[in-house]
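Heads up: the structure comes next, in structure tokens.
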Amino acid sequence: MVHMLSSYTFWIWISRLGESPIVLPIAMALVLVFMAFDAHRVVRSWALALGLAIVVTSASKIAFMGWGWGIAALDFTGFSGHAMVSAAVYPVLGHAFARRRQASTAWWGAAMGLGLAALIAVSRVTTHAHSVSESVLGFGLGCLASACAMGFRAPAHLRIPRWAWLTAAAWLAAMPFVSLPFNTHQTVIKVALALSQRQHPYQRADLHRPPVPASVQPLHGQEVVLLGH
């Protein structure tokens with residue numbers, strides 16, 4: 001077990017469970033289930049919170065890749081999308097499915113979903129996809145979104161059928177091994193470049209690169225030639 005947890009392949013697999021094309025269809029399916037059980041307040045609150053979290057996460061990435069806006073002291077270039085969407089969806093998924101047996105067990109299901117989201121946040125650091133601050137802040141943002149859904153009392157008769165649980169389990173077990181045609185990260189890069197009119201996105205190294213002294217910057221469009229000693 002220790003060897004498994006230290007395996008890079010294991011963390012890659014865990015990280016894939018946080019990809020938007022895998023997680024967001026689960027969110028949409030949950031919305032349909034909640035609507036079928038007349039949990040309209042839950043749907044409105046969660047959909048709004050999740051939508052805002054997606055906008056904030058995307059905007060933070062676009063701001064850095066397009067204009068270099070980040071926080072060097074925190075090594076922050078944008079919220080982790082994997083950590084955010086996992087923390088926004090998996091606790092709600094666990095909360096909903098745990099109600100199938102008994103309403104009082106719903107919070108245990110939410111805790112299990114939160115644990116999976118935390119593992120995904122850790123995987124983004126372990127695989128060097130994000131810094132600690134990016135994963136922690138993304139995880140926190142997602143938790144706020146999921147709390148908006150679980151803060152409302154769900155209808156007492158809300159019971160997820162067994163076939164839905166089995167379908168969700170099969171989806172999560174199979175999708176990490178499937179090559180997805182849609183890459184959200186590449187889409188965000190294209191949007192950032194289109195808005196900023198840059199040819200190449202800012203990289204993490206640019207965040208920590210010392211600023212060029214004013215004495216060696218070109219003036220009025222003229223090239224500055226530095227003479228050797």
_segment 9-49, residues that are over 19 Å from the mean Cα position of the chain (by Cα) and either among the hydrophobic types (A, V, I, L, M, F, W, C) or within 24 Å of residue 187 (Cα to Cα) (or both)_ = 32, 33, 34, 35, 36, 37, 39, 42, 43
_Out of 41, 16, sole residue that is surrounded by 14 or more Cβ atoms within 10 Å (Cβ to Cβ), in contact with a Phe, Trp or Tyr (Cβ under 7 Å, 6 or more places away or on another chain), among the charged types (D, E, K, R) and on the phi < 0 side of the Ramachandran plot_ = 41
*Pick out, from segment 121-229, the helices (runs of 4 or more DSSP H) lying fully within it that include 3 or more residues that are surrounded by fewer than 15 Cβ atoms within 10 Å (Cβ to Cβ) and either modelled with pLDDT under 90 or touching a strand residue (DSSP E or B) at 6+ places or on another chain (Cβ under 7 Å) (or both).*
162-174
*asked:* Out of the residues in segment 1-38 meeting the condition of being among the aromatic types (Phe, Trp, Tyr) and closer than 21 Å to residue 97 by Cβ, tell me which one is modelled with the highest pLDDT.
replied: 34
*Restricting attention to segment 59-78, does a residue exist that is among the hydroxyl-bearing types (Ser, Thr, Tyr), within 30 Å of residue 206 (Cβ to Cβ), out of contact with any helix residue (DSSP H, G or I) (no Cβ under 6 Å at 6 or more places or on another chain) and in a helix (DSSP H, G or I)?*
yes
*All but one of (1) in contact (Cβ under 8 Å) with a residue 24 or more places away in the chain; (2) part of a helix (DSSP H, G or I) hold for residue 104, so report the exception by its number.*
(1)
*Report, by residue number, each residue of segment 65-92 that is buried (at least 23 other Cβ atoms within 10 Å of the Cβ) and not small (Gly, Ala, Ser).*
65, 77, 79, 82, 84, 85, 89, 90, 91, 92
*Examine segment 65-82 for a residue that is within 21 Å of residue 168 (Cα to Cα) and β-branched (Val, Ile, Thr), and state whether such a residue exists.*
no
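The values are calculated or read from the model by the stated rules, or taken from the named source; none is laboratory data. None of these values were measured; they are calculated from a predicted model. With ideal geometry, Cβ positions are generated from the backbone for all residues, glycine too; neighbour counts draw on all protein chains shown.
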